[in-house]
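S.K.: Shown below is the structure under consideration.
The values are calculated or read from the model by the stated rules, or taken from the named source; none is laboratory data. This is a predicted model, so every value here is computed, not measured. Counting neighbours? That spans all protein chains shown, and the Cβs are built from the backbone with ideal geometry, glycine included. Ligands, DNA and RNA are stripped out before the accessible areas are found, and what is left, the full protein with its side chains, is counted by its heavy atoms. Shrake-Rupley method; radii C 1.70, N 1.55, O 1.52, S 1.80 Å.
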Amino acid sequence: MAVEELQSIIKRCQILEEQDFKEEDFGLFQLAGQRCIDEGHIDQLLEVIQNEKNKVIIKNMGWNLVGPVVRCLLWNNKEDDKVKYFLLLDLLVKLCNPKELLLGLLELIEEPSGKQISQIILLLLQPLQTVIQKLHSNKSYSVGLALSTIWSQLSLLPVPCSKEQIQADDYGLCQCCKVLIEFIKPFVKEITDDQENSLETQRLKDELLKFCFKSLKCPLLTAQFLEQSEEAENDPLRSFASEIIGFLSAIGYPFPKMILNHGKKKRTWDYLEFEEEEDKQFTDSLASLAYLVFVQGISIDQLPMVLSPSYLLQFNMGHIEVFLQRTEESVFSKGLDLLENSLLRMEDNSLLHQYLEIKSFLTVPQGLVKVMTLCPDETLRKKGLAMLQLYINKLDSQGKYKLFRIMASLNLLRYLVIKDNESDNQTGLWTELGKIEKNFLKPLHTGLNMSKAHYEAEIKNSQENSQEVQRSKDFCSVTVGGEEMPNMPPEMQLKVLHSALFTFDLIESVLARVEELIEIKTKCTSGENTGIK
């Protein structure tokens, strides 16, 4: 019955001109064609599609059958049937209107969830590539739309974090990354083959650049790579990273260019203007790229040999800061690796204290303190401490002192006094102790005493006048430190003042503990030197 219905519709449409096809014709063709697929009349459907007389009909209406064919390929396990379905899909891709096919294929890619995401992508990437290559106008837009849709779906898949997960590839992410590279290659070739660098080629560059940077963030920012050199060659995610960096170079954005234009984003990105909402993605992507080059060694041979270790450290510190701000262990561990890689290039005491004027040179050690104190993984905590010690060793003497002072000083100082014995002096703390006591601890004592006295006076004054203020008006103002506090009820002002006083008490208690620890440590060292047990 379904075959007869399809033949009846075909016969009626054969006598019509292409522009005379009605919406009703499209609906009837789709319904009859889908029934043929559901009832297994594949041979008859193939015969209709391959008939030269039906060429115009299939061109305009055939794309509606792609969805049913794809679903049969996903759910039908009979190999003989699958061969016919693949033939059917190939014919539709070859004969149908590419614009309609493009939208239909992308809709199919957007539909699934979970493990079905990779199944549909693996099935449709080759047909999608063929369809886009048939488009002769505005191809860059179609490539961008396809890559954006694919990436949005792939970003929903969990990234494997261990050798076992990479090998198992339960969600198919690794397979998709491999096939995706083959999908992109023809479009990269179009760019490299266009010697005139036409406007359409520039737009295609933009779309590929956007995708490369998206890929550097997801999945590559969180991806873990196989460590052993013999296994690295078989690491699908590392291969994907290598290809992405290769694409960047091929389309005119090699990694050395990004380094040499560091801090000059507009001069680096000739055509692509990152929108404001993409700035965070841009930052994450560059950090991921730096890790891949410096730690994984991908394309590192392209770096000019003239770049100094201090320049490379300055370039990487912003990226390390990005890593350490993240909460995922798989991400901030990369920050530790990148910091280690950058610091080991430098001689001890060679990092000038002027570098501490750069924000990231102070925020990175603060991030290390967080890792050392908050990370649940003991190995990463120990590495955080080792990296802080290494960082301090690279600073000159003024830098060491300055670092101990613009950081969260007391907590860091307390931690270092506990962990670093005077006899070891791994951080250089005990060498600079005299300066720290004179220029930091003693002035802090004075400042705390003065601040506490000031706030205690304000509390007393506020309490004495609160009843009078309440009778005259509901709100009052208080001047603290030469600045007027915002108007608020007297009760709220008292709470604010007491809270500040409590904070000073906390600082004072930590300060007392630091001084106590210093005294204990110095006495122990003195006792050891004199032979006293």
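S.K.: Could you give the angle, 0 to 90 degrees to the nearest 10, between helix 236-250's Cα long axis and the longest principal axis of the Cα atoms of the chain?
M.R.: Around 90 degrees separate the two axes.
S.K.: Going down the table (419/523; 217/257; 257/383), which pairs top 24 Å between alpha carbons?
M.R.: In this structure, 257/383 exceed 24 Å between Cα atoms.
S.K.: Let me ask something else. Among 454, 252, 172, flag the residue with its Cα farthest along the positive direction of the charge dipole of the chain, charges on Cβ as +1 for Lys/Arg and -1 for Asp/Glu.
M.R.: Working it through, the farthest residue towards the positive pole turns out to be 454.
S.K.: Another question about this same structure. What is the percent of Cα-Cα separations in the range 1-96 that go past 21 Å?
M.R.: The calculated P(r) of the range 1-96 puts 24 percent of pairs beyond 21 Å.
S.K.: Looking at the P(r) of the range 108-157, how many percent of alpha-carbon pairs lie beyond 13 Å?
M.R.: Details: 693 of 1225 pairs.
Beyond 13 Å sits 57 percent of the P(r) for the range 108-157.
S.K.: Moving on to the next point. Tell me the angle of helix 66-75 to the major Cα principal axis of the chain, expressed in degrees between 0 and 90 and rounded to the nearest ten.
M.R.: Result, in degrees: 70.
S.K.: Show me the trypsin sites (Lys or Arg not before Pro) within the range 55-163 that DSSP assigns to loop and that have at most 12 other Cβ atoms within 10 Å of their Cβ.
M.R.: Counting only loop positions with at most 12 other Cβ atoms within 10 Å, the trypsin sites (Lys or Arg not before Pro) in the range 55-163 are 78, 115.
S.K.: Now a separate question. State the number of lysine pairs found in the range 1-96 whose Cα atoms come within less than 27 Å, restricting to pairs 8 or more positions apart or on distinct chains.
M.R.: 22
S.K.: Inverting the mean 1/r over all pairs of different Cα atoms, compute the Kirkwood radius of the chain and quote it in Å.
M.R.: Across the chain, the inverse of the average 1/r is 28.9 Å.
S.K.: At 0.36 nm per residue, and after removing the present C-alpha to C-alpha distance, how many nm does the segment from residue 44 to residue 437 gain when stretched out fully?
M.R.: Contour length minus Cα-Cα distance gives 132.3 nm.
S.K.: List the longest stretch of the chain that has no exposed loop site; here a site is one of the GluC sites (Glu not before Pro) assigned by DSSP to anything other than H, G, I, E or B, with at most 10 other Cβ within 10 Å. Each step should come with its number before you reach the end.
M.R.: Details: sites that count: 17, 196, 227, 233, 273, 275, 347.
My reading of the result: 348-533 is the longest stretch.
S.K.: Additional query: Per residue, how much accessible area does the range 1-96 have with a 1.4 Å probe, in Å²?
M.R.: On a per-residue basis, the range 1-96 sits at 59 Å².
S.K.: State in Å² the accessible area per residue of the range 158-201; use a 1.4 Å probe, count heavy atoms of protein chains only, and round to the nearest integer.
M.R.: Averaged over the residues of the range 158-201, the accessible area is 56 Å².
S.K.: Now, a different point. Can you pull the Rg over Rh of the range 46-132, Cα-only, Kirkwood?
M.R.: Using Cα coordinates only, the ratio equals 0.96.
S.K.: Okay, next question. Can you pull the Rg over Rh of the range 298-399, Cα-only, Kirkwood? Could the numbers behind the result be given before it?
M.R.: Details: Rg = 13.4 Å, Rh = 13.9 Å.
That ratio equals 0.97.
S.K.: Compute the angle between helix 378-394 and the longest alpha-carbon principal axis of the chain, please, reported from 0 to 90 degrees and rounded to the nearest 10.
M.R.: That helix lies at roughly 60 degrees to the long axis.
S.K.: Rank these by accessible area, largest first, 1.4 Å probe: 446, 283, 222. It would help to have the intermediate numbers written out before the result.
M.R.: Values: 446 75, 283 55, 222 30 Å².
My answer, sorted largest first, is 446, 283, 222.
S.K.: What 222 nm value per residue comes from the helices of the chain, counting each DSSP H run with n ≥ 4 as -39,500 (n - 2.57) and dividing by all residues, nearest 500 deg cm²/dmol?
M.R.: The per-residue figure over the chain is -22500 deg cm²/dmol.
S.K.: For the chain, what % of the accessible area comes from carbon and sulfur atoms, probe 1.4 Å?
M.R.: Taking all protein chains in place, the chain shows 50 percent carbon and sulfur surface.
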